[in-house]
Amino acid sequence: MEISESILQKIKGNYVEARHSSVVYQDLRTRKGKEIQKEFKEGLFVRVVDRNRVKMAHSPGMEALDRIQSSRWHPVSTYTPPESTYYYEEPPQPVELPVEPVTSVLEFFKDIPGWARLESLTVYEHIITNRGANVCCSSSKLFVRVFLTPVQGMTLVYSFGYPGQDISKSLEQLEECSVDRFSQRSAIDSGQYDVVLSPQVNGMLFHEVAHSFEGSHPSIQIPASISISDHPEAQRLGGYTYDSEGCRASETVLVAKGRIQGGLASVFEPGDTPPTGNGRASSFEVEPLPRQSNLEVTGGHCTEEELLEMVKNGVYIAQVGEGSTFPGGITYFANTVSYRIENGEKAELLKNINFGGNLLDIINSIEAMGNNEKVEPTVCWKNHQRLFVTTKAPSCLIRELPLMCHTSSKSSKRIM
């Protein structure tokens, strides 16, 4: 399939954009057997703007060029086409799924219920416009998750992403982990606790906050010490060189020491902001949306040990097994791996610790941040589009965070 500027010239419009993309997706879920599911998609997406109207069409073949003529118009207020540029990358080779190393890990933990999911995504896109943009970009990625359930009600999740990590080495290190310690857990009462969140949990919270910056400049408050930025150009699971609209990827500062600086913009969202290179689409079948990529959160000077010392007695939440965010920014997180903090140190494991509430209230309750940023690869859903991303965040200290402990038998209280 070939698209060229001469083809675009046959389509009437002030702005014409065509995106030919191919996606190779491989998926293996070990508890469903060892058969690798492979999906291949290739097709064309066309978008035309003329006289404050936009229309779109897509097809597995070149038919989109014909379908666009009869497509329905929709109003559009403003847009900012990508700059005139030429860029070329060779088509990538799919990353091989590390089936044997993952199988070895699961066999090592054979006395514990466990399973794994392995995913590779290879994308090649050719984006061309009648304004002079002609971009061929590619990426090949691998995401591995290992799930272990040492006791009922607790699932340990270990995530690895390429590029950014040596997957085989990470899996070898996982075999050195001991899960025997998870068999004995204590219960505490529901109530308000001083809490230290691990980099993984803190990054998950800020990932949800960053959704409000996708296509907008939110009017929200962020603690004055905190800075947030997006780095699509970083060599990590969420990285890329050009986005799905032919815009160059670059760092975007969202928050600088508590001050809102900008948002993540695509060509059409928002129309009054130059594109930031964050217009991402999961395939040719959907239009690009402003999406985060490799999020980074900074603002702390303490070690995690110093944060624990500041709490003295409270709770350390190391991992969250599941979570949900609802309209209005209400969140709920469960299936956690949590520890009691005693005299400034992590002590025994706790059972059935859940937390939630208004997301921004939780963020604005952060009293101190660490300097121990860690990268966590994950997947992100938005408008039924699933994309790989990462978060890089440190530990943080939150005062009086309400915790729900379902095994509580006494009236709630707060550990000081």
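The values are calculated or read from the model by the stated rules, or taken from the named source; none is laboratory data. What you see is a predicted model; the values in this text were computed from it and never measured. Note that we place each Cβ from the backbone using ideal geometry, even for glycine, and neighbour counts take in every protein chain shown.
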_Which listed residue is outside any strand (DSSP E or B), farther than 30 Å from E5 by Cα, of a type in the set (A, V, I, L, M) and not assigned by TED's automatic domain parsing to the domain that holds V201, from L156, L171_ = L171
*Residue selected from segment 202-245 under the condition over 13 Å from the mean Cα position of the chain (by Cα) and among the hydrophobic types (A, V, I, L, M, F, W, C), by the criterion surrounded by the most Cβ atoms within 10 Å (Cβ to Cβ)*: F213
*Could you tell me whether V297 is buried (at least 23 other Cβ atoms within 10 Å of the Cβ) and either within 14 Å of the chain's Cα centre (by Cα) or touching a residue at least 12 places away in the same chain (Cβ under 8 Å) (or both)?*
yes
*Can you find a residue in segment 268-275 that is free of Cβ contacts under 8 Å to residues at least 40 places away in the same chain, under 27 Å from L359 (Cα atoms) and not in a strand (DSSP E or B)?*
no
*So, of the residues in segment 360-383 that are more than 21 Å from the chain's Cα centre (by Cα) and of a type in the set (D, E, K, R), which turns out to be nearest to K257 (Cα to Cα)?*
E367
*Out of the residues in segment 60-108 that are hydrophobic (A, V, I, L, M, F, W, C) and either assigned by TED's automatic domain parsing to the domain that holds F284 or under 28 Å from the mean Cα position of the chain (by Cα) (or both), state the one that is nearest to N130 (Cα to Cα).*
V95
*Run G271 past the list (1) of a type in the set (G, A, S); (2) surrounded by fewer than 24 Cβ atoms within 10 Å (Cβ to Cβ); (3) under 21 Å from the mean Cα position of the chain (by Cα) and report the number of the one that doesn't hold.*
(3)
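Matching residues to (1) assigned by TED's automatic domain parsing to the domain that holds P218; (2) over 30 Å from L142 (Cβ atoms); (3) assigned to a strand (DSSP E or B):
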residue	(1), (2), (3)
L295	yes, no, yes
E306	yes, yes, no
Q319	yes, no, yes
G323	yes, no, yes
N335	yes, no, yes
I341	yes, yes, yes
D361	yes, yes, no
P377	yes, no, yes
E400	yes, yes, yes
*Scan segment 355-369 and give yes if some residue there is at pLDDT 95 or above, under 23 Å from F147 (Cα atoms) and among the hydroxyl-bearing types (S, T, Y), otherwise no.*
no
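One line per residue, one yes/no per condition, for (1) out of contact with any helix residue (DSSP H, G or I) (no Cβ under 7 Å at 6 or more places or on another chain); (2) at pLDDT below 95:
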site: R47; (1), (2): yes, no
site: M56; (1), (2): yes, no
site: M62; (1), (2): yes, yes
site: D66; (1), (2): yes, yes
site: S71; (1), (2): yes, no
site: H74; (1), (2): yes, no
site: P91; (1), (2): yes, yes
site: P98; (1), (2): no, no
*Taking segment 346-374 on its own, how many of its residues are surrounded by fewer than 17 Cβ atoms within 10 Å (Cβ to Cβ) and in contact with a helix residue (DSSP H, G or I) (Cβ under 6 Å, 6 or more places away or on another chain)?*
2
*Quick one: in segment 32-77, which of the residues that are over 18 Å from I127 (Cβ atoms) and in contact with a Pro (Cβ under 8 Å, 6 or more places away or on another chain) is surrounded by the most Cβ atoms within 10 Å (Cβ to Cβ)?*
R53
*Restricting attention to segment 186-243, which residues are under 23 Å from H301 (Cα atoms) and in a helix (DSSP H, G or I)?*
P199, Q200, V201, N202, G203, M204, L205, F206, H207, V209, A210
*If the Cβ limit is 9 Å and pairs must be 6+ apart or interchain, which residue in segment 179-192 that is in contact (Cβ under 8 Å) with a residue 60 or more places away in the chain and closer than 10 Å to N352 by Cα pairs with which residue that is among the β-branched types (V, I, T) and surrounded by 12 or more Cβ atoms within 10 Å (Cβ to Cβ)?*
R185/V151; A187/T407; I188/V315; I188/I353; I188/T407; I188/I415
